[in-house]
1. For the structure I just gave you, tell me whether E72 is in a strand (DSSP E or B), more than 21 Å from the chain's Cα centre (by Cα), of a type in the set (D, E, K, R) and farther than 25 Å from L128 by Cβ.
2. Whether any residue in segment 41-57 is surrounded by 13 or more Cβ atoms within 10 Å (Cβ to Cβ), modelled with pLDDT under 90 and part of a loop (DSSP other than H, G, I, E, B) is what I want to check.
3. Please tell me if K36 is part of a helix (DSSP H, G or I), loosely packed, with under 14 Cβ neighbours inside 10 Å and under 19 Å from the mean Cα position of the chain (by Cα).
4. If you check F143 against the conditions, is it surrounded by 15 or more Cβ atoms within 10 Å (Cβ to Cβ) and within 23 Å of N46 (Cα to Cα)?
5. Please work out which residue is nearest to E44 (Cα to Cα), limiting yourself to segment 119-136 and to residues that are modelled with pLDDT of 90 or more and of a type in the set (A, V, I, L, M, F, W, C).
6. Show the residue pairs that are 6+ apart or on different chains and have beta-carbon atoms under 6 Å apart, the first residue being within segment 41-65 and touching a residue at least 60 places away in the same chain (Cβ under 8 Å) and within 20 Å of A108 (Cβ to Cβ), the second being crowded, with 20+ Cβ neighbours inside 10 Å and not hydrophobic (A, V, I, L, M, F, W, C).
7. For Y77, state whether it is within 23 Å of the chain's Cα centre (by Cα) and either polar (S, T, N, Q) or modelled with pLDDT of 90 or more (or both).
Amino acid sequence: MRDNQHGITLVELLGVLAILSIILLLIGSAHIFGQKQLVYQTDEVNQQNDVRLVVSQLTTDFRSTTADKYIEDAEGYHLGSHVYKFNESSVFRNGEKLSDNIARFELAPIKDDADVLVGVDIVIESLLGGQGSQTTVETAIYFRK
């Protein structure tokens, strides 16, 4: 062989291709994992936002009314001039949909020793997400006197 020949051998080329293939496989795996995490976390945040929106609106309405203006009947839960209704997976406020990803929506009255309504226990649970996650909020709100 002459000393001035330049180039690479087939063995060197195959070695470089093998190393590059491993690097690309690792980068691709990390990218796919990142995409799955993004979808999972976005779904979880959306569930939390739906539950928080309903709880926030309920809290606002409870704080602006008194116990004598809270009525629970077949139409739904009446809080002063606002009516909440849970139908299948949707929560409605005055006929407008607040959220459509709710699995459980319960308001249970809290009474004192004299059997007088003083507040409401609230349980709101989101539907199961794509990864089987679920957001639940349980709280108690007491009426102002």
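The values are calculated or read from the model by the stated rules, or taken from the named source; none is laboratory data. What you see is a predicted model; the values in this text were computed from it and never measured. Ideal geometry is used to build each Cβ from the backbone, glycine not excepted, and the neighbour counts take in all protein chains shown.
1. Values: in a strand (DSSP E or B): yes; more than 21 Å from the chain's Cα centre (by Cα): yes; of a type in the set (D, E, K, R): yes; farther than 25 Å from L128 by Cβ: yes.
Considered against the rule, which asks whether it is in a strand (DSSP E or B), more than 21 Å from the chain's Cα centre (by Cα), of a type in the set (D, E, K, R) and farther than 25 Å from L128 by Cβ, E72 comes out as yes.
2. No, there is no match, as no residue in segment 41-57 is surrounded by 13 or more Cβ atoms within 10 Å (Cβ to Cβ), modelled with pLDDT under 90 and part of a loop (DSSP other than H, G, I, E, B).
3. On the way: part of a helix (DSSP H, G or I): yes; loosely packed, with under 14 Cβ neighbours inside 10 Å: yes; under 19 Å from the mean Cα position of the chain (by Cα): yes.
Here the answer is yes, as K36 does meet what is asked.
4. Details: surrounded by 15 or more Cβ atoms within 10 Å (Cβ to Cβ): yes; within 23 Å of N46 (Cα to Cα): no.
Considered against the rule, which asks whether it is surrounded by 15 or more Cβ atoms within 10 Å (Cβ to Cβ) and within 23 Å of N46 (Cα to Cα), F143 comes out as no.
5. Checked segment 119-136; the qualifying residue nearest to E44 (Cα to Cα) is I124.
6. Filtered contacts from segment 41-65: V51/S126; V51/T135; V54/S99.
7. Working: within 23 Å of the chain's Cα centre (by Cα): no; either polar (S, T, N, Q) or modelled with pLDDT of 90 or more (or both): yes.
In short, no.
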